[in-house]
1. Can you compute the charge dipole magnitude of the stretch 1-130 about its Cα centre, using +1 on each Lys and Arg Cβ and -1 on each Asp and Glu Cβ, nothing else charged? Give it in debye, rounded to the nearest 20.
2. List the pairs from 28/96; 96/130; 28/130; 31/211; 56/211 whose alpha-carbon separation is above 29 Å, in the order I gave them.
3. If you take the square roots of the eigenvalues of the alpha-carbon gyration tensor of the chain and sort them as a ≥ b ≥ c, do you get rounded (a/c under 1.5), prolate (a/b over b/c) or oblate?
4. When the helix-only estimate is applied to the chain (DSSP H runs of n ≥ 4, each -39,500 (n - 2.57), divided by the residue count), what is the mean residue ellipticity at 222 nm, nearest 500 deg cm²/dmol?
5. How big is the dipole moment of the chain about its Cα centre under a simple scheme where the beta carbon of each Lys and Arg is +1, that of each Asp and Glu is -1, and everything else is neutral? Debye, nearest 20, please.
6. If the only charges are +1 at each Lys and Arg Cβ and -1 at each Asp and Glu Cβ, what is the size of the charge dipole of the stretch 105-237 around the Cα centre, to the nearest 20 debye?
7. Report the gain in length on full extension from residue 221 to residue 72: 0.36 nm times residue separation, minus Cα-Cα distance, nm rounded to one decimal.
8. Note the full-extension length gain between residue 37 and residue 125 as 0.36 nm times their separation in residues minus their Cα-Cα distance, in nm to one decimal.
Amino acid sequence: MSKKVFIAGTELAGIGYANGISTQLAEKQEKSGPEAELSAAERQRIIKNASKHFGKFLSALGCNWEEDPNSADTPNRVAKAYVNDLWRGRYESLGKITAFPSDGYAGMVQESNIPMSSQCSHHHQSIGGKVAIAYISSSRGKVVGLSKMNRIVEQFARRGAIQEQLTVAIHNAVDKICEGNLGVAVHISATHSCVSCRGIKHQGASMQTAKITGAFFDNPETRSEFYKNIELANNLK
Ligand SMILES: [Zn+2]
């Protein structure tokens, strides 16, 4: 076998928890196996049910949404946005990510400035920023196609998260998929609407988180190469 498919082992959070898969997808996978996905009809049922309850939420807030032409379809719009975009990663699995033999390449592989859109699980406000991911492949280990790193970010960011947890989830997935790696580093820099739009209301504050393991943790030079690469990538923009 020149390539191997990885699916399992990338989930960290509890079913239905922030940054976990939905209870509906988990139920389906329990019945039909770990590769089962929700059908279009099943997703539609979730949207319909969520829409009904969001309507009640608006009514409780004193919003006469049914009479207002701008709000009449809002419960349906909001439910659709959650299932298809904002929490998309809860309703579909990471799927097949093929890892290839590194063919003797023993060194750092890094992608920086991966766009990240998420939603904080405390306030359901948007989080937006950039992710840098690096791993060190061993000469007999595995490497993945670069865009798979973007896909891993999409999968876990599109669920709702706190940034610390998202950092760990991405790190865990890369670590699992890049078999035989000698270290993984993940860095996220992001702004949070729950800081800028509510509560303290401070515009422009950003949050940096990192999870650094293996050679990146043990060797300060490897670690500083990771951060230098993020700067280099910023200079390319
Ligand atoms: Zn928040």
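1. With Lys and Arg at +1 and Asp and Glu at -1, about 160 debye.
2. Over 29 Å apart, Cα to Cα: 28/130; 31/211; 56/211.
3. Judged from the Cα gyration tensor, the chain comes out oblate (a/c at least 1.5, b/c at or above a/b).
4. -12000 deg cm²/dmol
5. Computed about the Cα centre, the dipole is about 220 debye.
6. 400 debye
7. 47.9 nm
8. 29.0 nm
Readers should treat all values here as calculations from the given coordinates under stated rules, not as data from a laboratory. Remember, it's a predicted structure, so these values are computed and weren't measured experimentally. Every residue, glycine among them, receives a Cβ derived from its backbone with ideal geometry; neighbour counts consider all protein chains shown.
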